[in-house]
Amino acid sequence: KCSPDEIAAYLNEMPAFDPVSGDFAVLDRVGFTLSGSPFVARGVNFTPPVDTLQLVAMLDTLAAAGVNTLRVTVPFSDLFTCPGGGAVPLAGPFVRLDALVSFARARNLHVIFVLTPLLDQQDALAHTSYIVTRYRDESAVLLWELHGFDSLERLARTAAAVHQLDTWHPISAGGMLD
């Protein structure tokens with residue numbers, strides 16, 4: 001656990017993320033629409049490289065191939081520090097995640113954030129809330145996917161928290177653990 005001064009130092013290092021609130025994809029009974037037209041997600045599971053030039057090249061290649069959606073697993077353990085201290089973000093990994101969102105948006109790619117908290121992670125709900133709050137106004141985000149929960153109760157509690165923070169983006173769930 002970190003001291004209050006250490007937590008304050010980590011929080012002071014975090015740059016702001018400036019979302020772009022363009023046209024959000026809307027989900028209705030028929031499917032997604034974007035700017036009033038049907039939107040069919042053509043996606044891939046995507047693990048962003050650390051290198052920015054490699055990231056840009058990969059996104060260009062995917063966009064040129066007709067991909068319009070990236071399913072990105074959010075590595076909570078890489079993004080936060082100070083276990084037991086709540087949501088204490090690490091600036092470097094969030095800057096890279098911010099870049100992914102910005103570069104994806106510039107290529108008309110949408111992002112599905114797969115939120116997979118570790119079972120023994122006591123700050124998982126705080127981490128989820130931080131990520132949702134940071135990106136909820138970003139039009140490149142297609143939806144939140146909650147994945148890998150060990151109980152329906154925990155999944156329902158997390159989904160309710162996500163919906164309370166972001167009533168715009170849909171939430172999907174999958175990958176329940178036994």
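The values are calculated or read from the model by the stated rules, or taken from the named source; none is laboratory data. The structure displayed is predicted, hence computed values, not measured ones. For neighbour counting, all protein chains shown are included, and Cβ atoms are generated from backbone atoms with ideal geometry for every residue, glycine included. We work out accessible area using only protein heavy atoms, side chains counted, and drop any ligands, DNA or RNA first. Shrake-Rupley method; radii C 1.70, N 1.55, O 1.52, S 1.80 Å.
Beta carbons closer than 8 Å, at least 6 apart along the sequence or on distinct chains, pair a first residue in region 49-74 that is in contact (Cβ under 8 Å) with a residue 24 or more places away in the chain with a second that is open to solvent by less than 30 Å² (accessible area, probe 1.4 Å) and of a type in the set (Asp, Glu) for Arg71/Glu145. Screening Ile112 on (1) assigned to a helix (DSSP H, G or I); (2) crowded, with 18+ Cβ neighbours inside 10 Å; (3) of a type in the set (Val, Ile, Thr) shows it passes everything except condition (1). Count of region 12-34 residues, restricted to those that are among the hydrophobic types (A, V, I, L, M, F, W, C), open to solvent by 80 Å² or more (accessible area, probe 1.4 Å) and not in a strand (DSSP E or B), is 2.
Taken together, the residues in region 126-155 that are at pLDDT 90 or above and part of a helix (DSSP H, G or I) amount to 10.
Residues of region 130-178 that are open to solvent by 30 Å² or more (accessible area, probe 1.4 Å) and acidic (Asp, Glu): Asp137, Asp150, Glu153, Asp178. If the condition is being in contact (Cβ under 8 Å) with a residue 12 or more places away in the chain and among the small types (Gly, Ala, Ser), then region 81-101 contributes Gly84, Gly85, Gly86, Ala87, Ala91, Ala99. Pairs under 7 Å by beta carbon, first residue at positive phi in region 6-24, partner open to solvent by 90 Å² or more (accessible area, probe 1.4 Å), six or more apart or different chains? From residues that are at positive phi, there are no pairs. Just one of the listed residues (Ser3, Ser37) is hydroxyl-bearing (Ser, Thr, Tyr), open to solvent by less than 50 Å² (accessible area, probe 1.4 Å) and free of Cβ contacts under 8 Å to residues at least 24 places away in the same chain, and it is Ser3.
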